[in-house]
Every structure is written in structure tokens, then in C-alpha cells.
Amino acid sequence: MMLSARNLSWATGGIDIVKKISLDLSAGEFLGIVGPNGSGKTSLMAMLSGLRKPCSGEVLLDGKSLNQLQRRDVARQIALVEQQAETQERINARQAVELGRIPHKGALSPWTPQDDEIVDQALHDVDMEGFGRRMWHTLSGGERQRLHIARALAQQPKILLLDEPTNHLDIGHQIALLHLVQQQKLTVAAALHDLNHAAMFCDRVAVLKEGALVAMGKPCNVLTTDLILDVFGVHVDVEREGEDACHIRYRAPTMIYPVRTT
Ligand SMILES: Nc1ncnc2c1ncn2[C@@H]1O[C@H](COP(=O)(O)OP(=O)(O)OP(=O)(O)O)[C@@H](O)[C@H]1O
Ligand SMILES: [Mg+2]
């Protein structure tokens, strides 16, 4: 299953937010999308998921434009976990995950024990097994975030789009979650802020700056001292670890307001 963006652009109020982005997500890869606040990561992911229509360009799912596909057919293939995902307050944790099964259900396909198994597995995968009956409004931010991921896993998509999936998670759960996502036989694109997480877990990383795709490739080839200074305005040292691994060390002070990138 391939997802491709072709010259995707989106503008609002006369301002170009996403500028002619083209990229291919290949089957099974984990792509990290990094870039400063406001660089267009969420806007790009909204278009990749079909949630937002591009002003120009198109998104192709296995060669077919998302525009030509039914919303439900797209939802069977692509799951999106939004940065600020909302969930109705008056449901419990398990019901929130069960929502992931909706694209697979219809008048002729009622709920089955297999759906329960899929939901159980998703709750187990994000370490939320014991929380099924807890009401949504009683859950912590990190617990809610893990349930949003569980809902996306229960959707059994081919492509998982995650907008800042580690939001609200403690460092243990951040690493565990990225590892879980990496282990799935899924194509994944995730907006990430932690460049070391991108380096650790992603096959490739796409870098956005002011709505444009300015670099894309293996993390250790892309996340260089010069690029990080140019895009984020932060001085770093990058330690290479063997062929494919690298570690980014931020030099103090890491940020002084106003942040200047030139
Ligand atoms: N509906 C909208 N109306 C006006 N401006 C918008 C709208 N959606 C996004 N923007 C603007 O577009 C720019 C890109 O927003 P986007 O949410 O895609 O950035 P992001 O890279 O995801 O940032 P963050 O790291 O803060 O999540 C921002 O300046 C934002 O204010
Ligand atoms: Mg965002």
C-alpha cells in the first residue's frame, strides 16, 4: 500500500501554509515528519489522511486519488491520530477504542467476538488493559493519548498517520509507543518533535520549513548540524554511531525568544 503526495498545497487567508509538497510513503516504512511549530506538519497530515482537501495537488492511495474514494474505504486503509484528538466525554475507555472498528462495520456486518479480540489486543498493546471501564473524563492526558493510538490500531489500517503521538507521554511510554509503532507491519508517518526519536525509530525523515519540504532521507543523512541550525535555529552537535545511527546533543542555551532561524 503506497501513499503519495503530489504537489500538495494548502493556503488560507492568502497565506501559503503547505507549499507544493511531493513525497512517497513506501509500504512498511516509518517516516518521521519534523519541523518547527507552524511549519505545516499537521496541515500536511490532514491532507494525507483525506481530512482536508488540498488547494492544489493530490494524494494518491495505491495510485488512486483520495478524492475518488469513499470516506469509509479510505478509513479502512488509513488511520489518523490527530494532534488534538477529541473524544466524547461520556464514553468509557473501551468504547473509545471500539470506535476504531466503525469503518469495518455495516448493516450486514454486526459486531463479532473477533472485534472484541481486536479491541482487547489494541488495549493490551498500549498497556491500557485494566482501563476498559474507566470513563473518558477520568483519564490522564497520557492515558487518553494511548487510547487514541489503540483506537487507530483497532482500525487495522494499512497506513497509520500520527500527529505528535508522544504528546503527554512520559519518556518510558514515549519510547515504548514508538517501538510499538515501529514493530507493526504498517506504513507509518508521524509528526515528531524529538529529533532523537526520529533518529532512533524512523527509516526516513521529512523536514518541513515554512510549509516547504526542505530535506528528506535517512535520519543520519538529513539531521545535520547545519540543517538543524537552519530549520530550528538551534546549535547542536551530532554524534554518528555506526552507519545508520546518530545522536543529537543540544548546546545550551537551546532557545532564546524570539527564536531566529537566520
Ligand atoms: N484553519 C486555519 N486557519 C488559519 N491558519 C491556519 C489554519 N490551520 C493552520 N493554520 C496556520 O498554518 C500554519 C501551519 O499550521 P500547522 O498546524 O500545520 O503546523 P504544525 O507544523 O503542525 O505546528 P505544531 O508543531 O505547532 O503542531 C500555522 O501558522 C497555523 O497557524
Ligand atoms: Mg501540528
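Things worth noting here:
- The calculated FRET efficiency for Q184 paired with T112, based on their beta-carbon distance and R0 = 25 Å, is about 0.65.
- Counted over all Cα-Cα pairs of the chain, pairs farther apart than 33 Å make up 22 percent.
- Protection-proxy order for peptides 96-109, 41-54, 143-156, each taking the mean of Cβ atoms within 10 Å per residue, highest first: 143-156, 41-54, 96-109
- Evaluated over the stretch 170-262, the Cα radius of gyration and Dmax, each in Å: 13.8, 42
- For the stretch 177-262, the relative contact order works out to 21 percent when only alpha carbon pairs closer than 8 Å and six or more residues apart are counted.
- For the pair D73 and S56, the difference between a 0.36 nm per residue extended length and the Cα-Cα distance amounts to 3.9 nm.
- Residue (of A154, T224, L177) at the positive-pole extreme of the stretch 140-262, dipole from beta-carbon charges: A154
- Relative contact order of the chain, pairs being alpha-carbon contacts under 8 Å that are 6 or more residues apart, as %: 23 percent
- The E239 and H193 beta-carbon pair, evaluated with R₀ = 25 Å, returns a calculated FRET efficiency of approximately 0.80.
- Nearest-20 debye value, the stretch 3-250 charge dipole, Cβ charges on Lys, Arg, Asp, Glu: 920 debye
- Modelled label reach - R249, point 7 Å along Cα→Cβ, the stretch 213-238 residues with backbone N closer than 12 Å: 236-238
- Considering only L48, G14, L25, and ranking their Cα positions along the charge dipole of the stretch 5-83 that arises from unit charges at the beta-carbon of Lys, Arg, Asp and Glu, the one farthest toward the positive end is G14.
- Pairs from K20/K105; K19/K105; K185/K209; K41/K218 whose Cα-Cα separation, in the structure shown, is over 28 Å: K20/K105; K19/K105; K185/K209
Quick note: the coordinates plus some simple rules give every number you see, no bench work behind them. Model, not experiment: these values are computed from the prediction. Please note: Cβ atoms are built from the backbone with ideal geometry, for glycine as well, and neighbour counts cover all protein chains shown.
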